[in-house]
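Read-outs throughout are calculated quantities, based only on the coordinates presented, and are distinct from any laboratory measurement. The model shown is predicted, which means the values in this text are computed figures rather than measured ones. Methodologically, a virtual Cβ is constructed for each residue, glycine included, from the backbone with ideal geometry; neighbour enumeration extends over all protein chains shown.
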Amino acid sequence: MPDAVGINDENINSTLNLNSNHRIVVIIGSGPAGLTSAIYTGRANLKPLLIEGEPSSTSDQPGGQLMLTSDIENFPGFKDGIDGPELMAQMRSQAERFGTEILTEKATKVDLDAPVKGIWTTNPQDGPPNFTADVVIISTGAQSLMLGIPGEDRLIGHGLSTCATCDGFFFRGKDIAVVGGGDSALEEALFLTRFANSVRLIHRRDQWRASPIMQDRARSNEKIIPVWNTQVTEIVGETSVKSLKLVDTVTGQESIQEIDGVFIAIGHSPNTDLFKGQLKMDDAGYLITGPGTTTNIEGVLACGDVQDQIYRQAITAAGSGCMAALDAQRWLEAHE
Ligand code: NAP
C-alpha cells in the first residue's frame, strides 16, 4: 500500500540538519503512539524529532507504560505474545530506520500558540527554545496512580512497586499483595504468581472491574487470594515493607496484614502538566481532541493515552499515532 508521500532509500537516509533547531515535526513522548507517529512521519520524509524523555524512576522511563508490561497477548501480529520492552525496542528501531531523530531528554516547556511552536528541553525556560516546529505531536501518555497514603513515598522501591515486570523477580517465594480490581491489577497479580508464594488481591469493592477472561484466570489461580471490600490505609515499614494497615469498606473494621511486598495497580493519570493553560483538557486532565487528533491549537495534534481514557490499549495508541501523523501531513500540505 503506497503512502500519501512516497519514500526511497535516498531520502530515508538523508542527513538530518542537526545544526538547525527547527524541525517540521516534533513528537513529544515515546510510547506506541509517539513511535507510530514517528514511523509514519519518517516514511513521509518529514524527518521528525522525537523527544523520548529520560529515565527518572523504574515506573517512568522512555517507551511509556509498555516498558512495565510483561506478556502482551493482544497486539496483532504476535501470535505467541511479546514482551512490552521488546515491542517498544522494535518500534523504536523501526522509527529510526525511517529517519527519526531521537532525543533522550524531557520537554520542560512548550509554547504552542504561535505558527512556529517552541519546545524547551535543556535551555533555561526564560531563554530561547531548544527546538521550534511547524507541527507538534503530543504523545506523553499517562502514569500510574498512587493511593496517597502514609508509607508510599518512603517505601517505593523498597517492597512497594507499580511494576510487576520490573520488580516481580525480587519476590520469589514471598507473600505479597496487589491493590486494585481492574485489568492492570489482575494482570500484575497473575504475573506475580510466577514468583510469589501467595498474592493477596486487595479490592475496595466486592466485584472486580477487570474483563471476564482476566477474572476467570485470577479465580482459577490458586496462589491468588481475593480480599474484598478492603482499602489499604498505610504501608508499614521503616526501610522495607512489613505490613499493610487495612480497613473494611463495609464494616469499617481495621486490621493489619503482614506482607513482604505490595504492588499498586489502580489506574493512571495523563501526563499533561506541560500543556496546562494552552491545550483544552477534560476534568481528568486528558487532552481533548477532534476531529481526528487535532487539539484546540492549529498544528498541534495529540495521540495515545494522553487523550484517551476509554480504550487505553497499545494497539489503539499506535492507531491514533498513525492518525496524528496523517493529520500532520494533511495540515502541512494545507499550510504550505
Ligand atoms: P481501571 O480499569 O481504571 O481500574 C482501576 C482499579 O483500581 C479499579 O478496580 C478501581 O476500583 C481501583 N481503584 C482506583 N482508585 C483506587 C483507590 N484510590 N483505592 C483503591 N482502589 C482504587 O485501571 P486499569 O486496571 O489500569 O486499566 C485501565 C484500562 O487499561 C482499562 O480499560 C483496562 O481494560 C485496560 N488494560 C487492559 C489490559 C489487557 O488487556 N491486557 C491490561 C491492563 C489494562 P473500582 O473498581 O472500585 O473503581
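Side notes on the structure shown:
- Whole-Hz Karplus values for segment 245-252 come out as 8, 10, 9, 6, 6, 9, 9, x Hz, taken residue by residue from phi with 6.51 cos²θ - 1.76 cosθ + 1.60 and θ = phi - 60°; glycine and proline positions read x.
- Helix axis angle, 84-97 relative to the chain longest principal axis, alpha carbon, degrees: 10
- Couplings for segment 200-206, taken from phi via the Karplus curve 6.51 cos²θ - 1.76 cosθ + 1.60 with θ = phi - 60°, read 7, 9, 8, 10, 6, 10, 9 Hz in order; Gly and Pro are left as x.
- Too-long pairs where the Cα-Cα distance tops 25 Å, listed order kept, from K117/K276; K79/K174; K47/K79; K106/K276; K47/K276; K106/K174: K79/K174; K47/K79; K47/K276; K106/K174
- The chain: most fluctuating residue of E234, E222, E188 per GNM, C-alpha cutoff 10 Å: E222
- Cβ-placed point charges (K, R +1; D, E -1), dipole of the chain about Cα centre in debye, nearest 20: 380
- In the chain the longest region clear of trypsin sites (Lys or Arg not before Pro) that are loop-assigned by DSSP and have at most 10 other C-beta atoms within 10 Å covers 173-275.
- Derived scalar couplings ³J(HN,Hα) [segment 181-187; Karplus, 6.51 cos²θ - 1.76 cosθ + 1.60; whole Hz; x for Gly, Pro]: x, x, 4, 4, 4, 5, 5
- DSSP bridge pairs, the chain: antiparallel proportion in percent, nearest 5: 45
- Once backbone amide H atoms are built at 1.01 Å from N, K109 has W120 as its partners under 5 Å, excluding neighbours fewer than 5 places away on the same chain.
- Here's how it looks for T233: its modeled amide H is under 5 Å from those of K245, L246, V247, which are all 5 or more places away or on a different chain.
- Charged-residue dipole, Cβ positions (Lys, Arg, Asp, Glu), segment 74-223 about Cα centre, Debye nearest 20: 580
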